[in-house]
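Down below is the structure, laid out as structure tokens.
The values are calculated or read from the model by the stated rules, or taken from the named source; none is laboratory data. Keep in mind the model is a prediction, meaning the values are calculated, not measured. As a convention, Cβ positions derive from the backbone with ideal geometry for all residues, glycine included, and neighbour counts pool all protein chains shown.
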Amino acid sequence: MIFPKEFQDQIIDLVIKATTNNPENSKTNNNLKKQKGGTLKKQELEEKLYALATENRNFYFDRNNTTYIEIHDIKQKQEINNYLIKIESSDFTRWLTRECKVNFKQFLKDKYLIDTIKILVSEEARLQGQQIELHNRIAHVGDAIYIDLGTIWLC
């Protein structure tokens, strides 16, 4: 029997609700969601997020083994800005969440998944990254001393 499209979505929702509490049916539940065009499966989402965060990216780490990633952010005027952010930071979490929404049309709410991606990307940065020296407010580079006053630089 063939149902109209509007009833097919309602039936799929009912089946998903009926099988949600049964752990044995979680695979069926994920397949139904995928067929409906809802969400990606958790493992598939993890793989896609990892690929998104690591492909064509520059990674860095400092002498304390803190890892960083270079991201390209497009602002309202279509200007591309490069940022170096700490992978274990809330900035990286916000960027990853936004990229998930933009690229996969899905909200990233699973803290365990976010932490897993952070660990994997951080290890990738330690293996593939370039070691850099970072300075906080004051830097001595060559014959110059740089002082960051927040808005202007003094040399």
Among the residues of region 91-141, write down those that are under 10 Å from the mean Cα position of the chain (by Cα) and among the aliphatic types (A, V, I, L, M). LEU96, LEU108, LEU113, ILE114, ILE117, VAL121
Some residue of region 142-154 being in contact (Cβ under 8 Å) with a residue 24 or more places away in the chain and either assigned to a helix (DSSP H, G or I) or loosely packed, with under 10 Cβ neighbours inside 10 Å (or both): no
If you check ASN103, ASN56, ASN64, which single one turns out to be of a type outside the set (Ser, Thr, Tyr), at positive phi and at pLDDT 80 or above? ASN56
